[in-house]
Amino acid sequence: MMKSKRFEPIREIAANSAKDLSRAMAEAGRKVTDLERQLQQLQTYRDEYVRNSTQSGGAIDAVKLQNYRSFLERLGEAMRQHEKSLVAARAEFEKRRGVWSEKRIEAESLGRVVDRFKKEEQRTADAREQRDGDEAAMRVAFTLREDSREK
């Protein structure tokens, strides 16, 4: 059996694995993008809330002030949790990107090996065909020479 035929399934498995890892990496990238967008929305909301609250002017009683501070604290905690999730999502993306990159390199290397084997096999087949053609031509020439001597 030819080497290229033996390695082709291995190359195909590696290529499919690289595709699967690429999809997983893309999904992890989308999660990072979503979390970044959500965090930006929270920051914008907090900034608008603070701006609107300070523009309203007038006296703020103790209850309103307590509610304001409490709400800002909860909003800050939500942002901190979101930032933790974002850090974890970025780490997951980088991990997946590294694994995908290794598998992609492996698949490309196997592809080059299979291509090299196919070229070697083609050169061998071409040489064999040339040799067979030369031998056939020599036999014909020899037969013609023998036939001409007999006459």
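The values are calculated or read from the model by the stated rules, or taken from the named source; none is laboratory data. Note that the structure is predicted; figures quoted are calculated from it, not measured. Backbone-built Cβ (ideal geometry, glycine too); neighbour counts: all protein chains shown. The area values use the complete protein model at the heavy-atom level, side chains included, leaving out ligands, DNA and RNA. Shrake-Rupley method; radii C 1.70, N 1.55, O 1.52, S 1.80 Å.
Is there a residue in segment 59-71 that is surrounded by 14 or more Cβ atoms within 10 Å (Cβ to Cβ) and modelled with pLDDT under 95? Among the residues of segment 59-71, at least one is surrounded by 14 or more Cβ atoms within 10 Å (Cβ to Cβ) and modelled with pLDDT under 95, which makes the answer yes. Here is a list of conditions, (1) assigned to a helix (DSSP H, G or I); (2) open to solvent by 70 Å² or more (accessible area, probe 1.4 Å), and Ala78 meets all of them except one; can you say which number that is? Every condition holds for Ala78 apart from (2).
Of everything in segment 101-134 that is small (Gly, Ala, Ser) and without any contact (Cβ under 8 Å) to a residue 60 or more places away in the chain, the residue that is nearest to Arg11 (Cα to Cα) is Ser109.
Working carefully through the options Glu73, Glu8, Glu92, find the one that is free of Cβ contacts under 8 Å to residues at least 60 places away in the same chain and of a type in the set (Asp, Glu). Reasoning before the result, please.
Working: Glu8 fails: free of Cβ contacts under 8 Å to residues at least 60 places away in the same chain; Glu92 fails: free of Cβ contacts under 8 Å to residues at least 60 places away in the same chain.
Exactly one residue qualifies, and that residue is Glu73.
If only residues of segment 21-37 that are open to solvent by less than 50 Å² (accessible area, probe 1.4 Å) and in contact (Cβ under 8 Å) with a residue 60 or more places away in the chain are counted, the one that is farthest from the chain's Cα centre (by Cα) is Val32. If you go through segment 75-110 and keep only what is more than 16 Å from the chain's Cα centre (by Cα) and under 30 Å from Lys3 (Cα atoms), you end up with just Leu110. Test Leu65 against the stated conditions and say whether it is assigned to a helix (DSSP H, G or I) and over 11 Å from Leu35 (Cβ atoms). So Leu65 passes the test. Scanning segment 38-58 for residues that are modelled with pLDDT of 95 or more and surrounded by fewer than 12 Cβ atoms within 10 Å (Cβ to Cβ) yields a count of 3.
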